[in-house]
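Worksheet for the structure shown next.
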Amino acid sequence: MLVLYEHSTSVCAIKVRLTLLEKGIGYEGRFVDLRRGAQFDPEYRKIHPGAVVPALVHDGHTILESSVIQYYLEDVFPEPSLMPEDPLARYRVRLLMKTIDDPVHPATGLLTHAIAFRKDYRTPEAIAARMARIPDPRRRARQRAVYEEGLGAALAVDAVRDMEAAFARMEETLAHGPWLGGGLYSLSDAAATPYANRMNDLGLFGIWAERYPAVAGWFERIRARPSYAAGIADLVTEDDRDRMAPVEDDAEARVRAILAG
């Protein structure tokens, strides 16, 4: 039996959810209410001490870290394969997966908090209460900076540049085929999708669609797949949309200015 502890908009949970859907693997989803802070509840932290989603429980064994979970699912459920056969194509998949883990994931988190989530933490007291619940001191420091300074934080500026480099790498990778695995939809397509989608939710994806036409075409193909509807679009609530709404109207202009600087 497979149980996935997840949230509708968590980029890491989406990576795993898309992998499960593309492989046709049945699972039980258990919603962790991140906005309520359920990831910090003691019972959930017994499952994931890092207080994040996702966590996959398979026949009583807990598997953590979203990319590791993706590789685990490929190993345990090899058909249909989400890894190309060609060694160079496999290399490109693994390299992009590594890039998504770092720096894309932390960059996406910083931009999400700087542009959208900081509206929930407008006072020093609210910020302090949030910080007190985060076990990782580095994560606390990053979030504090963007809550207090928004896109003006040096970390946020670096995050924009990290996203630019990642989309440039995706553009290069797409020279080898319609998918990030070449001719085959791969683990890296599932991994990259929620990050491109998050930039779209924040009103920023159009910036990179202009700069990288192959990425723009890839995202159109992604959104036409049944897994996109089942794993992303159909699960988004009005509350999710409200939470992703930018705090300020000039976020896109400010990101463009960072890239032009």
Of the candidates 224, 253, the one satisfying the condition of being over 19 Å from residue 113 (Cα atoms) and surrounded by fewer than 20 Cβ atoms within 10 Å (Cβ to Cβ) is 224
May I ask you to verify whether residue 173 is surrounded by 20 or more Cβ atoms within 10 Å (Cβ to Cβ) and over 18 Å from the mean Cα position of the chain (by Cα)? yes
Of (1) modelled with pLDDT of 95 or more; (2) assigned to a loop (DSSP other than H, G, I, E, B); (3) more than 19 Å from residue 233 (Cα to Cα), residue 36 fails just (1)
In segment 114-129, anything within 22 Å of residue 50 (Cα to Cα) and surrounded by fewer than 14 Cβ atoms within 10 Å (Cβ to Cβ) is listed as 126, 128, 129
Quiz item: Right, residue 50: within 28 Å of residue 244 (Cβ to Cβ), open to solvent by 20 Å² or more (accessible area, probe 1.4 Å) and assigned to a strand (DSSP E or B) or not?
Solution: no
Of those in segment 130-158 that are among the small types (Gly, Ala, Ser), part of a helix (DSSP H, G or I) and without any contact (Cβ under 8 Å) to a residue 60 or more places away in the chain, the residue surrounded by the most Cβ atoms within 10 Å (Cβ to Cβ) is 156
Pairing a residue in segment 22-39 that is without any contact (Cβ under 8 Å) to a residue 40 or more places away in the chain with any residue that is hydrophobic (A, V, I, L, M, F, W, C) and part of a loop (DSSP other than H, G, I, E, B), where Cβ atoms lie under 8 Å and the two sit 6 or more apart in sequence or on different chains, gives 28/1; 32/53; 34/53; 38/32; 39/32; 39/51; 39/52; 39/53
Here is a check on your reading of the model: is residue 192 in a helix (DSSP H, G or I), among the aliphatic types (A, V, I, L, M) and within 21 Å of residue 232 (Cα to Cα)?
yes
Exactly one of 144, 90, 139, 122 is charged (D, E, K, R) and at pLDDT 95 or above, and that residue is 90
Fill in: Filter pass, residue 191 being under 14 Å from the mean Cα position of the chain (by Cα) and either closer than 26 Å to residue 70 by Cα or surrounded by 20 or more Cβ atoms within 10 Å (Cβ to Cβ) (or both)
yes
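The values are calculated or read from the model by the stated rules, or taken from the named source; none is laboratory data. This structure is a prediction, so every number in the text was calculated from the model and none was measured. Note that we place each Cβ from the backbone using ideal geometry, even for glycine, and neighbour counts take in every protein chain shown. The accessibility values were calculated without ligands, DNA or RNA, using every heavy atom of the protein model including side chains. Shrake-Rupley method; radii C 1.70, N 1.55, O 1.52, S 1.80 Å.
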